Structures are given as structure tokens and as C-alpha cells.
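Nothing in this text is a laboratory measurement; each read-out follows from the coordinates by a stated rule. These figures come from a predicted structure and were not determined experimentally. No Cβ is skipped: glycine too gets one built from the backbone with ideal geometry, and neighbour counts run over all protein chains shown.
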Amino acid sequence: MTKWVTVEAIGIENRMTGDDPGNALEIYGHLGAWVIFMNPAGNPQHRIEHLLMNRMDPSMNQSIAEHTTLHIGKTTPRMNVRPNEFLWIGGHLKEQDDTSANDSLGDNHLKFRYDILYDHVGEEKRVMFTESGQFVEAIFRIRVASRPWWHFR
């Protein structure tokens, strides 16, 4: 049976500015949700991809003061997740520097198997990105239904 899932990107919280000058991090990159299956070679491939933040150019950075959250507030359309598939949430974030090379805070995802998706309905999920004492968390919320959206009208 298919599960119908939406993922909301709530925001990005600057937990610690670390060795970055000033009290803020200038964050850019991408966040999203993916429906993943394993190909015959055992490698992950996405069947569905929805980017909820797509600021890949350093000039598109958003300044986030320490201990504050940048609101994103975007939600995916409903995605169908089938048996033997996974839902991945996360992305790749970077921090823009004026005086040195930009910092990669990493490529990180939370991975949910089809059979455990109901265990995480409505919970806030945090994906950590860190480098050189800089620590941010992307905040997501997952919603799951066993019937497609048109059954709820």
C-alpha cells in the first residue's frame, strides 16, 4: 500500500557560530525531500525530488544570528512512498566567508524506511550540519496518510 507524504521545511537554526567572525552565519545551499529506491547495484536513486530551499550561489546566502532561526515555511506537494522505498530529508548547506574559503557544513540526510514512516508523523525532525565549530540544524516536519489527498475532501 502506498503512503502519501508531505514534508515541511520549517527553518534553519544557528545553534553555534563557532570560529566565524561576528555573531551570524551566512548560510546557502539546498534543502529538500526525496523518495529513494535502491537500484539493482544497491545504489540510491531518487524517484521524486522536491527542493524546499535552493540557494546554491554564495551571493544568495541568508544571515542567521546565533540562537535564532531563519524561517523557510515551504511544504512539498504530496509524494507517494511505496514499499521498499525510503523518504530522505536534508540537503547540503554551506557558509559564505568574506576573508577565506567558504565552509561546507556537509551533505546530510535523515532516512526513513517506508515501514516506519507512521512512527514519525507530525514530529519535528532536525538535520545537523557542522564544520569548524559552526553548527546549524535544518528543521522539518513529516505528515503521512495512507490514502491520497483526494480522499480527504
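Distance in nm between label sites at Glu124 and Met16, each 7 Å beyond Cα in the beta-carbon direction? That separation, rounded to one decimal, is 2.0 nm.
The H on the amide N of Asn102, modeled in the peptide plane, is under 5 Å from the matching H of Asp97, each at least 5 residues off or on a different chain.
Mind giving me the FRET efficiency for Ser100 and His67? R0 is 35 Å, r the Cβ-Cβ distance, nearest 0.05 is fine. List each step's numbers first, then the result.
Working: r = 24 Å, r/R0 = 0.68.
The value I calculate is 0.90.
Sorted on the mean count of surrounding Cβ atoms within 10 Å across their residues, most packed first, peptides 43-52, 81-90, 29-38 read 29-38, 81-90, 43-52.
The Gln45 and Asp115 beta-carbon pair, evaluated with R₀ = 22 Å, returns a calculated FRET efficiency of approximately 0.65. Annotation for Thr2 and Asn54: the two label points, set 7 Å from Cα along the Cα-Cβ direction, are 2.3 nm apart.
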